[in-house]
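Below: one structure, written as structure tokens.
The values are calculated or read from the model by the stated rules, or taken from the named source; none is laboratory data. Just so it is clear, the model here is predicted, and its values are computed rather than measured. Methodologically, a virtual Cβ is constructed for each residue, glycine included, from the backbone with ideal geometry; neighbour enumeration extends over all protein chains shown. Please note that ligands, DNA and RNA were not included when accessible areas were found on the heavy atoms of the full protein model with its side chains. Shrake-Rupley method; radii C 1.70, N 1.55, O 1.52, S 1.80 Å.
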Amino acid sequence: MDNLKRKSLEMAQLYKQNPKVESVLLAGSVSRNWHDEHSDIEFHIFWVEPPNDEDRLDPIHKVNGSILSFHPYEEEEWSEAYHTDDGIKLEISSFLTATVERVINEVIYNFTTDYDKQCIAASVYYGQPLFGEEKINQLKNTLRSYPEELSKAMILENLQFGNRWDNRQALLNRKDWLMLYSVICDVQRNILGVLFGLNQMFVHHPSFKWMHHSVALMNVKPKKLDDRMADVLYGKPEKSVRELTFLIEETIALVEERYPDLISSEQKRKLAFFK
């Protein structure tokens, strides 16, 4: 067992001592064995009632922690980050259990494409319970079947590439590199959003962190997707735009193969689907 896994178990023992804590979930890269020398520990703490500052600070004090951030209740979450006395960084996201249950229901039954909510669902789906396993497994069971309606919603929302992509040739001609590469990154995120939906995978990070690992899990994707996405950022601008155009066309073809009637004729014309 490596240091981060070992420290996760130690810290979970401290959090479980609080009777307000219903569950401790190991999230992030450590939970998926994706971590490296730059990684930290991410906990989701599920509370049966709102924690006060003392509840949140107590585990930090017990390991002589050095606080990096300590945020009040914002957008239904309490969050803090700290280093333990042996230099390991922890990032804590605390939620009421009822909030997590509602968010998961919004993802599964209302088919929300909101990435913040999908990230919570993904953390539960992929995370490892360290305490309160029964509750976490109940939540995991709700997430077991990825709805086809959510798949379609993710695809349709992310097929909107925007007017700036339509103006890519003008940006190239003007050598407006900063705006062009901003557009290129936006389009890459859109392609990944489509593919997450097509592969029925919950989005685990709003900026698609750990892209290499995620792409490796996809069964449906353009050939050599990971290498080609990297080449788009490394290559000459003209070649990058051309390659990204091919990736869009191939991604749309995969959508058409899976859902032949999903993309309307009008949307195909907007995408320059046929010429």
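The figures follow:
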{"item": "Two-site FRET efficiency, Arg144 against Leu172, from Cβ-Cβ distance with R₀ of 45 Å, rounded to 0.05", "result": "0.45"}
{"item": "Ser39-Lys62 FRET efficiency (beta carbon distance; Förster radius 22 Å; 0.05 resolution)", "result": "0.45"}
{"item": "Net charge contributed by nearby residues that have their C-beta within less than 15 Å of Thr113 (K/R +1, D/E -1)", "result": "-3"}
{"item": "Low-density loop cleavage sites - GluC sites (Glu not before Pro) in segment 1-95, where at most 10 other Cβ are within 10 Å (DSSP)", "result": "Glu37, Glu75"}
{"item": "Long-range tail of P(r) for segment 143-219 (Cα pairs > 20 Å, %)", "result": "40 percent"}
{"item": "Candidate aspartates and glutamates - alpha carbon under 13 Å from Lys135, same-chain residues fewer than 8 apart omitted", "result": "Glu22, Glu101"}
{"item": "Set of lysines with alpha-carbon distance to Lys5 below 17 Å, sequence-local pairs under 8 removed", "result": "Lys16, Lys89"}
{"item": "In sequence order, calculated HN-Hα J values of segment 125-133 (Karplus, 6.51, -1.76, 1.60; Hz; x Gly/Pro)", "result": "4, 9, x, 10, x, 10, 7, x, 4"}
{"item": "Other-chain or far-sequence residues with amide H under 5 Å of Leu96's (modelled H)", "result": "Trp47"}
{"item": "Accessible surface, per residue, of the chain when the full set of protein chains is kept, probe 1.4 Å, Å²", "result": "52 Å²"}
{"item": "Size descriptor, Kirkwood hydrodynamic radius, that averages inverse alpha-carbon separations across segment 1-124, Å", "result": "15.0 Å"}
{"item": "Under the Karplus curve 6.51 cos²θ - 1.76 cosθ + 1.60, θ = phi - 60°, whole-Hz ³J(HN,Hα) for segment 84-92, x wherever Gly or Pro sits", "result": "6, 5, 9, x, 8, 8, 10, 10, 10"}
{"item": "Label-zone membership for segment 11-55, site Ala216, 7 angstrom Cα→C-beta point, backbone N under 17 Å", "result": "28-39"}
{"item": "Kirkwood Rh and Cα Rg combined as Rg/Rh, segment 2-73", "result": "0.96"}
{"item": "Within the accessible area of segment 1-159 (1.4 Å probe), percent carbon and sulfur", "result": "45 percent"}
{"item": "The chain - mean residue ellipticity at 222 nm from DSSP helices (-39,500 (n - 2.57) per run, n ≥ 4, rounded to 500)", "result": "-16500 deg cm²/dmol"}
{"item": "Cleavage-rule hits, chymotrypsin sites (Phe, Trp or Tyr not before Pro), segment 96-151, DSSP coil, Cβ neighbours within 10 Å at most 16", "result": "Phe111"}
{"item": "Sorted largest first, extent of segment 59-157 alpha carbons per principal axis (Å)", "result": "48, 29, 22"}
{"item": "³J(HN,Hα) computed for each position of segment 167-184 - Karplus, 6.51 cos²θ - 1.76 cosθ + 1.60, integer Hz, glycine/proline x", "result": "9, 4, 5, 4, 5, 5, 4, 7, 6, 8, 5, 4, 5, 4, 6, 5, 5, 4"}
